[in-house]
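**Q** One structure coming up, written as structure tokens, with questions to follow.
The values are calculated or read from the model by the stated rules, or taken from the named source; none is laboratory data. Computed from a predicted structure; not experimentally measured. Every residue, glycine among them, receives a Cβ derived from its backbone with ideal geometry; neighbour counts consider all protein chains shown.
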């Protein structure tokens, strides 16, 4: 008969929405400069030079803020995954 059509299911939408909301909450907990760098780099797709110009800092500082922010976000996600695994 074939595969069913690829339609969005309500549970997919809810799951995607929850994941996006969770990420925005994690971003909100970052220090202001780190949050700005992550949003400008990954959501606005700006280059380090452009971000440095907007924030009035060196490109090396932008890279350092990005690295610290991503480390913090990854650490938080891994802790949550470990907690979920223990609950299972």
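**Q** So how many residues does the stretch 53-71 have that are in a helix (DSSP H, G or I) and surrounded by 15 or more Cβ atoms within 10 Å (Cβ to Cβ)?
**A** 10
**Q** Do we find that residue 32 is over 12 Å from the mean Cα position of the chain (by Cα) and at pLDDT 95 or above in this structure?
**A** yes
**Q** Is it the case that residue 86 is at pLDDT 90 or above and either in a helix (DSSP H, G or I) or more than 13 Å from the chain's Cα centre (by Cα) (or both)?
**A** No.
Listed here are the residues, each with its yes/no results for (1) over 23 Å from residue 72 (Cα atoms); (2) part of a loop (DSSP other than H, G, I, E, B); (3) at pLDDT 95 or above.
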{"site": "1", "(1), (2), (3)": "yes, yes, no"}
{"site": "4", "(1), (2), (3)": "yes, yes, no"}
{"site": "7", "(1), (2), (3)": "yes, yes, no"}
{"site": "13", "(1), (2), (3)": "yes, no, no"}
{"site": "16", "(1), (2), (3)": "no, no, no"}
{"site": "21", "(1), (2), (3)": "no, no, no"}
{"site": "27", "(1), (2), (3)": "no, no, no"}
{"site": "39", "(1), (2), (3)": "no, no, yes"}
{"site": "51", "(1), (2), (3)": "no, no, yes"}
